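Report on one structure; see the data block that follows.
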Amino acid sequence: MAEDITGAASNNHGVGLKEQDRLLPIANVGRIMKQIVPPNAKISKEAKETMQECVSEFISFVTSEASQKCRKERRKTVNGDDICWALATLGLDDYEVPLKRYLHKFREVEGERAANQMRANGGDSSKEKEDEQYPFKFSFIGSTSNDSNFTPFD
């Protein structure tokens with residue numbers, strides 16, 4: 001038994017959870033698999049179910065490691081940087097580097113989207129309005145709002 005990030009007892013293998021709550025939807029897994037194989041190739045139900053189990057276990061494994069880090073740091077939210085850290089800690093460096101690149105690009109796009117939305121709203125920087133529209137807060141990798149060259153909206 002392990003504790004989840006809030007401290008409640010849970011089982012790492014999902015005992016007590018419905019299968020649909022423990023596993024990624026098989027249709028999504030099948031769709032991802034189809035993108036890789038040749039157009040005329042078929043994927044058996046058994047192959048999809050096997051992959052569904054594997055990717056769900058992989059996600060749980062990495063998330064558990066990130067969650068433990070957050071718990072030690074007395075944080076309640078696992079973020080993308082925590083997932084990258086967990087991948088590196090678990091020896092999965094081949095996944096960590098491209099994920100960091102993706103995360104950086106995602107944050108750039110989100111920052112641009114927020115800036116465009118602010119301009120569309122006439123520059124209204126009402127904190128409540130912004131929190132409603134953008135409930136997720138991101139910062140650029142390696143940057144903080146105290147950095148002299150950090151500008152959240154260009």
| residue 45 vs. criteria open to solvent by 80 Å² or more (accessible area, probe 1.4 Å), over 13 Å from the mean Cα position of the chain (by Cα) and either β-branched (Val, Ile, Thr) or modelled with pLDDT under 95 (or both) | no
| query | Given the structure, is residue 94 out of contact with any Cys (no Cβ under 9 Å at 6 or more places or on another chain) and touching a residue at least 60 places away in the same chain (Cβ under 8 Å)? | reply | no
| request: Note down all Cβ pairs under 6 Å where the first residue falls in segment 65-78 and is of a type in the set (Phe, Trp, Tyr), the second is open to solvent by less than 70 Å² (accessible area, probe 1.4 Å) and modelled with pLDDT under 95, and they're at least six residues apart or on different chains. | output: none
| remark: Within segment 19-33, the count of residues that are surrounded by 14 or more Cβ atoms within 10 Å (Cβ to Cβ) and either on the phi > 0 side of the Ramachandran plot or part of a helix (DSSP H, G or I) (or both) comes to 5
| If a residue has to be more than 20 Å from residue 60 (Cα to Cα) and open to solvent by less than 80 Å² (accessible area, probe 1.4 Å) to count, how many in segment 71-109 make the cut? | 5
| query | Looking at residue 66, is it open to solvent by less than 80 Å² (accessible area, probe 1.4 Å), farther than 26 Å from residue 102 by Cα and at pLDDT 95 or above? | reply | no
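The values are calculated or read from the model by the stated rules, or taken from the named source; none is laboratory data. Since the structure is predicted, the reported quantities are computational estimates derived from the model, not experimental observations. Positions of Cβ are generated from backbone atoms using ideal geometry, with glycine treated the same way; all protein chains shown enter the neighbour counts. In case anyone asks, the SASA skips ligands and DNA or RNA and just uses the protein heavy atoms, side chains included. Shrake-Rupley method; radii C 1.70, N 1.55, O 1.52, S 1.80 Å.
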